[in-house]
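The values are calculated or read from the model by the stated rules, or taken from the named source; none is laboratory data. Fair warning: this is a prediction, and the values are worked out from it, not measured in the lab. Every residue, glycine as well, gets a Cβ built from its backbone with ideal geometry; the counts of neighbours run over all protein chains shown. Surface areas here come from the heavy atoms of the whole protein model, side chains and all, with no ligands, DNA or RNA. Shrake-Rupley method; radii C 1.70, N 1.55, O 1.52, S 1.80 Å.
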Amino acid sequence: MQAEIINGKEISEFIKGRAAKEAEKCKVSGREPCLAVILAGDDPASQIYVKNKRRACEECGIRSLQYTFGADVSEEELLGLIETLNSDETVDGILCQLPLPSGIDEAKITNAISPEKDVDGFHPVNVGKMLSGKDCFLPCTPAGIIEMLKYKNIEISGKNAVVIGRSNIVGKPVSALLLAENATVTVCHSKTKNLKETVKTADIVVAAIGKPKFITADMLKEGCTVIDVGINRTENGKLCGDVDFENAVFAAGAITPVPGGVGPMTIAMLMQNTVKSCKSRLNFH
Ligand code: NDP
């Protein structure tokens, strides 16, 4: 039997549609939501991500501001801009596209963004709130993964979830969110022993490794749900995930493709966070 393909594009359109309705309500009661994006350096992938974020803002009726700097931008310049944007009451979200040019302390920049405008959910205040279950901006990719599972009515509570990868932007936060949804969570990484046996116990597998086709069909429990976060390129330049999709699709019960799976969800959640921020600034819920 072939697994159900979880269509991230479709789910992200639903989330963006909902954000657009809320953005319209914001506009009626004062002003449209506004996202400020800072792009520094000439990383081609970052340029594409920023362009896609701007396009999503247009779709949702969110005003977008873009600040572009060369690779020679100084930390002081970026900190100065963030300070200005922090105190601008018409700006709801601020994000600084990573990676930043070498020599710039990414943590210092991320931490300078006001937690109230940290729509990426990377600020330590938001990370702490997330871990203690308080209302906050959730990081977009992990929150998007939970949204996908909920949209597809895939039970999380009481299930074994195995997350492969422990980065601050994906692995750790998605583990925390799965735990908050009452999954029994195991986090694997490069030092994990018996990876195959551990993954085999999972009802839900989240692969966030950054290695093409690393998770193979023989590692999966029959009928499990597979969420593939990886974005990799094969030797011939084709996009692929961390899961060997062509074979895993016959072992899993549901699986996300790459592209068209988790990727679109990340931007949709960013739109949702920006609208949430605007609503709290305009004081309506
Ligand atoms: P990182 O490189 O920061 O983390 C990779 C993780 O994988 C690490 O925790 C590492 O372990 C673990 N790992 C590496 N090799 C192995 C191994 N052999 N066995 C088990 N675990 C291993 O990556 P990110 O979390 O930032 O990203 C992961 C992937 O997701 C990338 O392909 C990235 O492009 C993609 N991504 C996609 C997004 C989307 O919107 N769809 C958003 C963000 C990322 P250790 O900690 O021990 O080194």
Report every pair of residues separated by at least 6 positions or lying on different chains whose Cβ atoms are under 9 Å apart, first residue within the range 57-71 and without any contact (Cβ under 8 Å) to a residue 24 or more places away in the chain, second of a type in the set (Gly, Ala, Ser). 58/64
Farther than 25 Å from residue 260 by Cβ and among the polar types (S, T, N, Q) - does that describe any residue in the range 144-165? yes
Residue 163 vs. criteria within 16 Å of the ligand (Cβ to nearest atom) and surrounded by 23 or more Cβ atoms within 10 Å (Cβ to Cβ): yes
Of the residues in the range 250-279, how many are part of a loop (DSSP other than H, G, I, E, B), of a type in the set (Gly, Ala, Ser) and under 17 Å from the mean Cα position of the chain (by Cα)? 2
Considering only residues that are touching a helix residue (DSSP H, G or I) at 6+ places or on another chain (Cβ under 6 Å) and either closer than 16 Å to residue 102 by Cβ or open to solvent by 30 Å² or more (accessible area, probe 1.4 Å) (or both), which ones fall in the range 68-88? 78, 79
Among 55, 18, 31, the single one that is under 21 Å from residue 281 (Cβ atoms), modelled with pLDDT of 95 or more and open to solvent by 90 Å² or more (accessible area, probe 1.4 Å) is 18
Scanning the range 210-233 for residues that are open to solvent by 60 Å² or more (accessible area, probe 1.4 Å) and assigned to a loop (DSSP other than H, G, I, E, B), the one nearest to the ligand (Cβ to nearest atom) turns out to be 231
Residue pairs within 7 Å by beta carbon, gap of at least six or interchain, first lying in the range 132-151 and open to solvent by 50 Å² or more (accessible area, probe 1.4 Å), second of a type in the set (Gly, Ala, Ser), listed first then second, are 133/180; 138/121
Go through the range 123-164 and give me each residue that's among the acidic types (Asp, Glu) and under 24 Å from residue 4 (Cβ atoms). 147, 155
When the residues of the range 234-285 are filtered to those that are among the β-branched types (Val, Ile, Thr) and over 30 Å from residue 135 (Cα atoms), which remaining residue is surrounded by the fewest Cβ atoms within 10 Å (Cβ to Cβ)? 234
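Okay, residues lined up against (1) within 14 Å of the ligand (Cβ to nearest atom); (2) farther than 29 Å from residue 13 by Cβ:
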{"position": "84", "(1), (2)": "no, yes"}
{"position": "91", "(1), (2)": "no, no"}
{"position": "95", "(1), (2)": "yes, no"}
{"position": "100", "(1), (2)": "no, yes"}
{"position": "116", "(1), (2)": "no, no"}
{"position": "120", "(1), (2)": "yes, no"}
{"position": "144", "(1), (2)": "yes, no"}
{"position": "148", "(1), (2)": "yes, no"}
{"position": "153", "(1), (2)": "no, no"}
Pair list, Cβ < 6 Å and 6+ apart or interchain, from the range 160-172 residues that are under 13 Å from residue 127 (Cα atoms) to residues that are of a type in the set (Ser, Thr, Tyr) and near the ligand (Cβ under 8 Å from one of its atoms): 170/141
Do the conditions hold for residue 102, that is, is it under 25 Å from the mean Cα position of the chain (by Cα), buried (at least 17 other Cβ atoms within 10 Å of the Cβ) and of a type outside the set (A, V, I, L, M)? no
Among the residues of the range 236-249, what is the count of those that are in contact (Cβ under 8 Å) with a residue 12 or more places away in the chain and in a loop (DSSP other than H, G, I, E, B)? 4
Residue 172 is checked against (1) open to solvent by 60 Å² or more (accessible area, probe 1.4 Å); (2) touching a strand residue (DSSP E or B) at 6+ places or on another chain (Cβ under 8 Å); (3) of a type outside the set (Phe, Trp, Tyr); (4) more than 16 Å from the ligand (Cβ to nearest atom) and fails just one. What number does that condition carry? (4)
Within the range 181-200, residues surrounded by fewer than 16 Cβ atoms within 10 Å (Cβ to Cβ) and assigned to a helix (DSSP H, G or I) come out as 196, 197
